[in-house]
1. Residue check, residue 248 against (1) touching a Ser or Thr at 6+ places or on another chain (Cβ under 8 Å); (2) within 13 Å of the ligand (Cβ to nearest atom); (3) at pLDDT below 95, all met but one. Which one?
2. Residues 291, 304, 324: which one is touching a Leu at 6+ places or on another chain (Cβ under 9 Å) and within 14 Å of the ligand (Cβ to nearest atom)?
3. Tell me, yes or no, whether the stretch 71-87 has at least one residue that is open to solvent by less than 20 Å² (accessible area, probe 1.4 Å) and of a type in the set (Phe, Trp, Tyr).
4. Scan the stretch 486-503 for residues that are outside any loop (DSSP other than H, G, I, E, B) and either within 11 Å of the chain's Cα centre (by Cα) or on the phi > 0 side of the Ramachandran plot (or both) and report the count.
5. Can you tell me which residue in the stretch 271-288 is farthest from the ligand (Cβ to nearest atom), limited to those that are of a type in the set (Gly, Ala, Ser) and within 30 Å of residue 589 (Cα to Cα)?
6. All but one of (1) within 16 Å of the ligand (Cβ to nearest atom); (2) of a type in the set (D, E, K, R); (3) open to solvent by 10 Å² or more (accessible area, probe 1.4 Å) hold for residue 207; which doesn't?
Amino acid sequence: MGIQSKMLPVDVGKVLAETKDAVPNGHKPREASSTKKWTIEDSEELYRINGWGEPYFSINAIGHVTVSPQGDRGGSLDLFELVNALKQRNLGLPLLIRFSDILEDRIERLNACFARAITRYSYPGVYRGVFPVKCNQQRHLVEDLVRFGKPHQFGLEAGSKPELMIALATLSTPGALLICNGYKDREYIETAMLAQRLGHTPIIVLEQIEEVDLVIEASRKLGIKPILGVRAKLSSKGVGRWGTSAGDRAKFGLTVPEIIRAVEQLRRVDMLNSLQLLHYHIGSQISAIAVIKDAIREASQIYVELAGLGADMKYLDVGGGLGVDYDGSKTNFYASKNYNMQNYANDVVAEIKEACEERNLAVPTLVSESGRAIASHQSVLVFDVLGTSDVMTQPPEAIEEKEHLIIRNLYETYQSITADNYQEAFHDATQFKEESTSLFNFGYLSLTERARAEQLYWACCGKILSIARQQEYVPDDLEDLEKIMASIYYVNLSVFQSAPDSWAIDQLFPIMPIHRLDEEPTKRATLADLTCDSDGKIDQFIDLRDVKYVLELHALESKTDGTQKQDAQTTPTSSHKPYYLGLFLGGAYQEIMGNLHNLFGDTNAVHIKLTPKGYQIEHVVKGDTMREVLGYVQYDSEDLLESIRRQSEQALQEKRITIQESQLLLQNYERSLNRYTYLET
Ligand SMILES: *Cc1c(COP(=O)(O)O)cnc(C)c1O
């Protein structure tokens, strides 16, 4: 990876900030000693659940993941049992479970952090956060958010016209802000202005210089004096994974000369007192607090300068960027962050206060547009494993003298592998295997011989790997071995639909089994999804140092006798006990970007709320049926069915199909149309 600069940790409190590189090089293999029984503590460490999951996710005594949706303040649910109960209610996997209590807790936390910072620095102003709708536009979530945010006058941010329409209809909190960002046309601007008449507090943020004229015109036409903001392009650059929204050439925002021009334009029509807010957004998932500090420092100066130019400044909107620690490492790694929410609030409050004090200015109302930090934790995606595929590594049978030299070489290599030469043996075996491929290509090796050579090669790799795992540190050149020897676990999921960032930008999400955590996971695997697309896989996982390329998982248990399958090739779904995995922290940006890759549609979703006696299901949103998904791409189910009917009739007449067969075919076809697009297990 190594794309991030190594920012030094900051002071405040006990943030355990370290760079990932502080961990020594070379993977310490987690070879479970057969003498010690695997414990849930081992699982906690392996999957780093305390790092990324606190205070919401942990493991209970029977080895199941538990969810404490109210953090340390409330009860907890056994996730495995919850999934089984939901399955009995006909909510098949994959299943997205949203915990509205977590959403509430996140809002409480963010507001509490700003409240503490305001007290700590005796800040003579308030905090009024807004939620950026683009982060998760699902209706139930936005409605919950508005409800939970009421005590804090939490508002909404719209980044487009459709989002404005959601925000206008949903926001009902008196005094809460409605920040209007994004590209705007006349209709957008007029709608936002008219919203004032409904009692809303819309703030129209100028992001393009052309919008200044539109705003002036609309204001004149409607006779409404709007509240305006400007979005500044800062020169401090974000180093988020999501590209840099800051910087002089960013897509949105006004450069300093453009801001000055806007000020002059507004002054000319006597509207400068409408300009009350300064906004910036340097990108999402900012991992380094130093970057956040730089941005707030620059913005604070612009803020006080704007006040100096005569604008009636009242709000500072610091945008998004507040990170989520996906790998629990507390570092400036892209999947982590080297600061906590409190550090963030402290820096924002302290920096702007100082700038205003120097100029003797009243401090602004602070606004942040944190999406990821609020919405990520509330949803858990649970999916099941359909089958596995392993590399065959059985010890080879003895070799005959007359075998091809290359095969004899591989066999000898296999025999000679020891703890002293395993690294060298790996290179030998690899070279022999490459030679065998060339020999085959030139016609010197038969297909059967090539197969023998490959089997021997895998046997060598298996033996080398088992030795390597027992070593203190694995040499770097052998790290690939885990990768190429990994099992493939086929999962009932479409990555494109449910974790698009994992596919598009290699975003890491914590993934782990939600049961059997008191058992040692003996397999190392990558995940392959249902789509027959080579990108439909997950082969990078969170780790303390950098990332790891295989995930430790349990062998599937056979249904009949409960014994573990050894090196089973693709196991048919029906023959093993259910094995559930959870993908965590995916509540921001993943639920909506999904596309219909291979026509897998939306997953089933439920909203769970804690009650004194347990939990209650608040909403059920059924996933797409095939009929619906096919409709999105303009197929009419009746037409499709009609075509199958016609083909069956023809086949019947020509006696290519029996009446029973044709009935079964039509029945299955028709039934499928009304089913979930995922596999029923
Ligand atoms: C995406 C976006 C946000 C949300 O950012 P997070 O990092 O998710 O908090 C806020 N403001 C604007 C303008 C955005 O484009």
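1. All conditions pass for residue 248, except number (2).
2. 324
3. no
4. 6
5. The qualifying residue farthest from the ligand (Cβ to nearest atom) is 288.
6. Going through the list (1) within 16 Å of the ligand (Cβ to nearest atom); (2) of a type in the set (D, E, K, R); (3) open to solvent by 10 Å² or more (accessible area, probe 1.4 Å), residue 207 breaks only (3).
Residues checked against (1) open to solvent by 60 Å² or more (accessible area, probe 1.4 Å); (2) out of contact with any Leu (no Cβ under 7 Å at 6 or more places or on another chain); (3) in contact (Cβ under 8 Å) with a residue 60 or more places away in the chain:
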site	(1), (2), (3)
110	no, yes, yes
115	no, yes, no
124	yes, yes, yes
136	no, yes, yes
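For every residue, the table says whether it meets (1) more than 16 Å from the ligand (Cβ to nearest atom); (2) not acidic (Asp, Glu).
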{"residue": "359", "(1), (2)": "yes, yes"}
{"residue": "369", "(1), (2)": "no, no"}
{"residue": "377", "(1), (2)": "no, yes"}
{"residue": "385", "(1), (2)": "yes, yes"}
{"residue": "396", "(1), (2)": "yes, yes"}
{"residue": "404", "(1), (2)": "yes, yes"}
{"residue": "416", "(1), (2)": "yes, yes"}
{"residue": "426", "(1), (2)": "yes, yes"}
{"residue": "429", "(1), (2)": "yes, yes"}
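The values are calculated or read from the model by the stated rules, or taken from the named source; none is laboratory data. Remember, it's a predicted structure, so these values are computed and weren't measured experimentally. Counting neighbours? That spans all protein chains shown, and the Cβs are built from the backbone with ideal geometry, glycine included. Areas reflect the complete protein model, heavy atoms only, side chains present, ligands, DNA and RNA absent. Shrake-Rupley method; radii C 1.70, N 1.55, O 1.52, S 1.80 Å.
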